[in-house]
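I have placed the structure first, in the form of structure tokens, so that the comments after it can refer back to it.
The values are calculated or read from the model by the stated rules, or taken from the named source; none is laboratory data. Note that the structure is a prediction, hence the values are computed from the model and not measured. Note that each Cβ is placed from the backbone with ideal geometry, even for glycine, and that neighbours are counted across all protein chains shown. Side chains are part of the model used for accessible areas, which takes the heavy atoms of the whole protein and leaves out ligands, DNA and RNA. Shrake-Rupley method; radii C 1.70, N 1.55, O 1.52, S 1.80 Å.
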Amino acid sequence: QVQLVESGGGLVQPGGSLRLSCAASGSIFSIMAMGWYRQAPGKQRELVAVATSGVSTNYADSVKGRFTISRENAKNTVYLQMNSLKPEDTAVYYCNAHTIVAPTNRYLEVWGQGTLVTVSS
């Protein structure tokens, strides 16, 4: 099994910054991609940012230029640096990973439990 543990959410004022972290643990052979999704009240879950095992990244248009995703592959960890936060960024943020598990080498998509980010004055 593979587990994702997120941290770093909280309350921040508009224009402020937060950094989310997500660490993967368990029977991991490799991680192909790690990313962040978010779900605001009454809305569907949406992709925020994703980073592949290489250097490729992809962002939602709404966060481009404000959020930065990065991976620390040696620690199976992904970060999301969020700057210039807006009230509309308020949501539960979920970590996601596309993994190959050991020893079966089978594909497994894993989700974290979510961490709440609230942007409010």
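W36 fulfils the conditions (1) among the hydrophobic types (A, V, I, L, M, F, W, C); (2) more than 16 Å from the chain's Cα centre (by Cα); (3) open to solvent by less than 30 Å² (accessible area, probe 1.4 Å) except for a single criterion, (2).
Considering the range 1-18, the residues that are in a loop (DSSP other than H, G, I, E, B) and under 11 Å from V117 (Cα atoms) include one that is most open to solvent (accessible area, probe 1.4 Å), namely Q13. Within the range 62-94, restricting attention to residues that are over 18 Å from E6 (Cβ atoms) and of a type in the set (G, A, S), the residue that is most open to solvent (accessible area, probe 1.4 Å) is A74.
As a summary of the residue check, Y59 satisfies the conditions (1) open to solvent by 60 Å² or more (accessible area, probe 1.4 Å); (2) aromatic (F, W, Y); (3) without any contact (Cβ under 8 Å) to a residue 24 or more places away in the chain except for the one numbered (1). Taking the conditions (1) closer than 19 Å to G9 by Cβ; (2) open to solvent by 20 Å² or more (accessible area, probe 1.4 Å) in turn, E109 satisfies each one other than (1). Of all residues in the range 101-114, none that is on the phi < 0 side of the Ramachandran plot has its Cβ atom under 9 Å from the Cβ atom of a residue that is of a type in the set (D, E, K, R) and surrounded by fewer than 16 Cβ atoms within 10 Å (Cβ to Cβ), 6 or more apart or on another chain.
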